[in-house]
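The values are calculated or read from the model by the stated rules, or taken from the named source; none is laboratory data. Note that the structure is predicted; figures quoted are calculated from it, not measured. Using ideal geometry, Cβ is built from the backbone for each residue, glycine included, and neighbour counts are taken over all protein chains shown.
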Amino acid sequence: MFGRKRVAAAAAVALACVAGTALAVDPPKLGQRAPADLLALMDKSIPPDGTGLPPGQGTPVQGQAVFLEKCAVCHGPRGEGLTNDRLVGGEGTLTQEITAKTVGSFWPYATTLFDYIRRAMPYDAPTSLKDDEVYATAAYILALNGIIKETDTLNAETLMKVKMPNADGFINQWVEPAPKAAAR
Amino acid sequence: MSKKSEVAHPLDGAEPVAGNGLLHRRLFLRGGALFTGATALTGIAGVGAAQAADYPAWRKEPGRPFVAYGTPSKFESDTQRIVTVRAPGYPTAGAGSSRTPLQLLEGIITPSGLHFERSHNGVPDIDPAQHKLLVHGLVKQPLVFTLEALDRYPRKSAIHFVECSGNSGGGWGLNPPVGPVGTMHGLVSCSEWSGVPLAYLLDEAGIDPKAKWILAEGADAAGMSRSVPLSKCLDDAMVALFQNGERVRPEQGYPMRLLLPGWEGNMNVKWLTRIKVTEGPTHTKDETSKYTELMPDGKALQFTFPMGVKSTITRPSEGVNMQGPGYYEIAGFAWSGNGKIARVDVSADGGQSWAPAALQDPVFPKALTRFRIPWEWKGGPGIVLQSRAVDETGAVQPTRDKLIEERGIKNAYHYNGITSWEVRESGLVKNVWA
């Protein structure tokens, strides 16, 4: 873990090193205090620990209605894939000659599914879905993959209990470099 | 040697330094001013006596007056990005890419209008007066920066490539892609980027000691987002406002983009609107389901950030065919996300023998680097041109066979195998696996 001093030192070194020369004066401080409503609007990303999952809920049946109206044109009515990604099936194919990397076979976290639908889908009207619709659409895709039951309800609590089949399928390649030597 | 030659060529008598006629990298430079007879050797047409008897039309009348923003010559209308044509009504036309025509370019800078495009839901039309950059999360004080504010910060400039990690992905395929260099390798471009060091903005917000990552998000319709280690943000990351001296182009993130020198293009988030300082990675869609490399055992490599050492010859190359036997300059691009290019070797016999190429100054870290080597092409079969780059960390560009032996054929991203161009007896040049 970074200690407080070490982070501060790293930041100071980074600042001193930028552009290869130390600044004679500090850069100006022209950032404005972020208003709460702007933070609430923009802070929508959901990490795997579920921080920020909103209230609301949805079922696979409710999600099917959304999906058929807004998603099926690109992904097929059961997520089988059309002009755009296949979302369903493919389990056990990651080592096969014909591979299907889908939500069910490949995606490691259900939070990513919620985050992505809410952030970017549907393609022609991103950010238009209500949180209930996002939960429902995610529930439909998870149910098609057999990851939750058709009778289940997805909300902030139940989504965090979803264990994706390929959750352990990723190997982190990032190795934190040793801190740089002090500025000359 | 061409039979048409009546003048001594400055390279005549030069001993090859590797198989199939590769010559010492310094010979063209030594030739210098003596090199004027070269075009006669290849019999290039267009200097006939009839044309020489009078001035051409443009010598005898005034040229056009001044224009506010210049464009290339009308005779260069073929210098275009390579754009995938979609069927009418294709529902997601703004998700995809266009590619830089590397085979048509010289030097190391990509003209801004030819920089490759990769977007996930089109190019937004952002009003810079309304655009905001939010810095929040594990900070003492969440802050909002306008473009007007960022314009008042000290700037830095640096020349760096941006490469999509899916670039050269055709290399994983069973058959070599057909088409010019840009078709397979054109998801890399190189610009002079200018802007504000990201460290200034993070420092101003006050980094919490628990912070080790950030999430960067774009203002496009995809809300494209990627996690980035904080150490990179405090090292050489920049909020780029300018590209090749003018404001960043819309396709490249106007009015501001994240620049992470040497790292996967996708992480260089365009239309940058939010930076959330976090404890760990957010595991967004584009760093889990995409931009991860599936290995033969079914596990996928994640967070493979720097782009590996790589090169390709662009001249000759597919579509840039031979114009008869004689002397040629073999030239191409080399680059590495780890630092400077240290050397490039070239082979004309499919990798059996190699000769070092000259590196054209300037050579910058994490930037396209131009290499050149003279070559006498005598025609005949069995000629396969290859280039092999080595960077300053000692990393060597692998052969395609070695890469596939280590990684299988389903990585999809981070292909950096050696490119092979077969030069046929007819002078036709083809992309081959060799």
- Inspect all residues belonging to segment A:108-117 and state whether any of them is at pLDDT 95 or above, acidic (D, E), surrounded by fewer than 17 Cβ atoms within 10 Å (Cβ to Cβ) and over 20 Å from B:G298 (Cα atoms). no
- Item | Residue selected from segment A:77-107 under the condition crowded, with 19+ Cβ neighbours inside 10 Å and at the interface with another protein chain (Cβ under 8 Å from one of its Cβ atoms), by the criterion farthest from the chain's Cα centre (by Cα) | A:L94
- Query: Out of (1) within 9 Å of chain A (Cβ to nearest Cβ); (2) assigned to a strand (DSSP E or B); (3) surrounded by fewer than 20 Cβ atoms within 10 Å (Cβ to Cβ), the odd one out for B:R152 is which?
  - Reply: (2)
- Kindly provide the set of residues from segment B:212-221 that are more than 7 Å from chain A (Cβ to nearest Cβ) and hydrophobic (A, V, I, L, M, F, W, C), ordered by number. B:W213, B:I214, B:A216, B:A219
- Looking only at segment A:38-76, count how many residues are within 21 Å of the chain's Cα centre (by Cα) and acidic (D, E). 2
- All but one of (1) crowded, with 24+ Cβ neighbours inside 10 Å; (2) acidic (D, E); (3) away from chain A (no Cβ under 13 Å) hold for B:E251, so report the exception by its number. (1)
- Total residues in segment B:167-211, condition assigned to a loop (DSSP other than H, G, I, E, B) and either within 14 Å of chain A (Cβ to nearest Cβ) or modelled with pLDDT under 95 (or both): 7
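Does B:S231 satisfy the criteria of being within 9 Å of another protein chain (Cβ to nearest Cβ) and either of a type in the set (K, R) or without any contact (Cβ under 8 Å) to a residue 24 or more places away in the chain (or both)? Explain how you work it out, then say what you get.
Numbers: within 9 Å of another protein chain (Cβ to nearest Cβ): yes; either of a type in the set (K, R) or without any contact (Cβ under 8 Å) to a residue 24 or more places away in the chain (or both): yes.
Yes: the conditions hold for B:S231.
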- Subset of segment B:125-149 (residues that are out of contact with any strand residue (DSSP E or B) (no Cβ under 7 Å at 6 or more places or on another chain), surrounded by fewer than 17 Cβ atoms within 10 Å (Cβ to Cβ) and in a loop (DSSP other than H, G, I, E, B)): B:D125, B:D127, B:P128, B:A129, B:Q130, B:K140
- Message: Taking the conditions exactly as written (buried (at least 18 other Cβ atoms within 10 Å of the Cβ), in contact with a helix residue (DSSP H, G or I) (Cβ under 7 Å, 6 or more places away or on another chain), among the aliphatic types (A, V, I, L, M) and touching a residue at least 12 places away in the same chain (Cβ under 8 Å)), does B:I341 satisfy them or not?
- Response: no
- Task: Confirm whether B:I275 is more than 13 Å from every other protein chain (Cβ to nearest Cβ), of a type in the set (A, V, I, L, M) and crowded, with 24+ Cβ neighbours inside 10 Å.
- Result: no
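Please specify each residue of segment B:256-268 satisfying the condition of being in contact with a Ser or Thr (Cβ under 7 Å, 6 or more places away or on another chain) and under 20 Å from B:D125 (Cα atoms).
Here is the first cut: in segment B:256-268, the residues in contact with a Ser or Thr (Cβ under 7 Å, 6 or more places away or on another chain) are B:264-266.
Matches in segment B:256-268: B:N266 only.
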- Counting only residues that are farther than 24 Å from B:L114 by Cα and β-branched (V, I, T), which one in segment B:198-248 is surrounded by the most Cβ atoms within 10 Å (Cβ to Cβ)? B:I214
- Residue ranges of strands (runs of 3 or more DSSP E) in segment B:221-310 with at least 2 members over 19 Å from the mean Cα position of the chain (by Cα): B:225-229, B:238-243, B:272-278, B:300-302
- Query: From the list B:W193, B:W213, which residue is within 26 Å of the chain's Cα centre (by Cα) and of a type in the set (F, W, Y)?
  - Reply: B:W193
- Task: Could you grab me the full set of residues in segment B:257-272 that are within 18 Å of B:F242 (Cβ to Cβ) and in contact with a Leu (Cβ under 7 Å, 6 or more places away or on another chain)?
- Result: B:R257, B:L258, B:N268, B:V269, B:L272
- Query: Here is a list of conditions, (1) within 19 Å of B:G223 (Cα to Cα); (2) within 11 Å of another protein chain (Cβ to nearest Cβ), and A:L53 meets all of them except one; can you say which number that is?
  - Reply: (2)
- Message: Let me spell it out: the conditions are (1) within 11 Å of chain B (Cβ to nearest Cβ); (2) farther than 30 Å from B:Y90 by Cβ, and A:I148 meets all of them except one. Which number is the exception?
- Response: (1)
- Run down B:G122, B:G107, B:G94 and say which single residue is modelled with pLDDT of 95 or more, closer than 30 Å to A:G76 by Cα and assigned to a loop (DSSP other than H, G, I, E, B). B:G122
- What residue, among those in segment B:114-171 that are of a type in the set (K, R) and under 27 Å from B:E279 (Cα atoms), is nearest to the chain's Cα centre (by Cα)? B:K132
- Message: Taking the condition of being among the aliphatic types (A, V, I, L, M) and more than 7 Å from chain A (Cβ to nearest Cβ), how many residues in segment B:278-311 meet it?
- Response: 3
- With respect to A:G58, is the statement that it is crowded, with 19+ Cβ neighbours inside 10 Å, modelled with pLDDT of 95 or more, more than 10 Å from chain B (Cβ to nearest Cβ) and touching a Leu at 6+ places or on another chain (Cβ under 8 Å) true? yes
- Lone qualifier among A:A136, A:A125 - being within 14 Å of chain B (Cβ to nearest Cβ) and among the hydrophobic types (A, V, I, L, M, F, W, C): A:A125
